[in-house]
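Student: My questions will all concern the structure given below.
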Amino acid sequence: MIKFSKEDKQQLIVLANDNNIFIEGPLLKMIDPDDDSVFKSYLEAATESDQSNRRKRLEITKQIQTQNNELQKAAESNHSLMIELKDAVQKAEDAKTVAVNDLDLVQKKTQFELIGNIVNIALFVIVGVGLITTLLYVIAIFTGSAETTLIGSTWSNLFGILLTNSFSIIGTIMGVKYASEKSEGK
């Protein structure tokens, strides 16, 4: 047991009364009050204060541990949400790529259909004009018309123009197709 002098006891009591500061910890169990009732009440108050402070510290520790557990769970939840968000962004980018590719395919298909329609119509016009002109020339020849020379030169010029125009149309379409393929390759 630890014994304090009367002056030490008095100083401890004054310190407790003036500043509310007590001795704490296991040391309180080791102090002998020496039948001093005032110092004995000081030791009881110090023990009570020590127990109260320990309870408060224990509560604070438990609160901190609870908050740490909650923060850790929140961090894990945030981590899983970030993974889900990255997956969602990746899926959105993949869907965008698929949509852009589908749109490009539809545009190319539409362009090829348009080109095909233009070529078919141009060929029908060329063949139609050629057949009509040839039919008129044949009729003029069999009917003995004096205009066969004029129709013959017209027929020859018309076929030259039709052939030139048909090659021009086909060349333009092929040039557009070639240029569009080149621009996609870049």
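Student: Sequence-distant or interchain residues sharing an amide H contact under 5 Å with residue 31, placed H: which?
Tutor: The answer is 2.
Student: Just need the relative contact order of the stretch 1-113 here, percent rounded to a whole number, with Cα pairs under 8 Å and 6+ apart.
Tutor: Taking the mean separation of contacting Cα pairs over the length of the stretch 1-113, I get 20 percent.
Student: How charged is the neighbourhood of residue 38? Take every other residue with its Cβ under 12 Å from the Cβ of residue 38, and add Lys/Arg as +1 and Asp/Glu as -1.
Tutor: Summing Lys and Arg as +1 and Asp and Glu as -1 gives -1.
Student: Please give the peptides 82-95, 112-125 ranked by average Cβ packing (other Cβ atoms within 10 Å per residue), highest first, as a rough proxy for protection.
Tutor: My ranking of the peptides, most packed first, is 112-125, 82-95.
Student: Another question, then. Could you put 47, 164 in order, starting from the residue whose Cβ has the fewest other Cβ atoms within 10 Å?
Tutor: Least crowded to most crowded, the residues run 164, 47.
Student: Given +1 on the Cβ of Lys and Arg, -1 on the Cβ of Asp and Glu, and no further charges, what dipole in debye does the stretch 75-152 carry about its Cα centre, rounded to the nearest 20?
Tutor: 340
Student: For the stretch 146-170 and the stretch 33-74, what is the separation of their Cα centres, given in Å?
Tutor: With the stretch 146-170 and the stretch 33-74 each reduced to a Cα centre, they are spaced 114 Å.
Student: Which pairs, out of 40/62; 3/29; 3/40, put more than 22 Å between their alpha-carbon atoms?
Tutor: 40/62
Student: Among 123, 21, 68, whose Cα lies farthest out toward the positive end of the dipole of the chain, if unit charges sit on the beta carbon of Lys, Arg (+1) and Asp, Glu (-1)?
Tutor: Among 123, 21, 68, the one farthest towards the positive end of the dipole of the chain is 123.
Bear in mind these aren't lab numbers, they're just calculated from the coordinates by the rules spelled out. Here the structure is a predicted model, which means the values were calculated and not measured. Note that we place each Cβ from the backbone using ideal geometry, even for glycine, and neighbour counts take in every protein chain shown.
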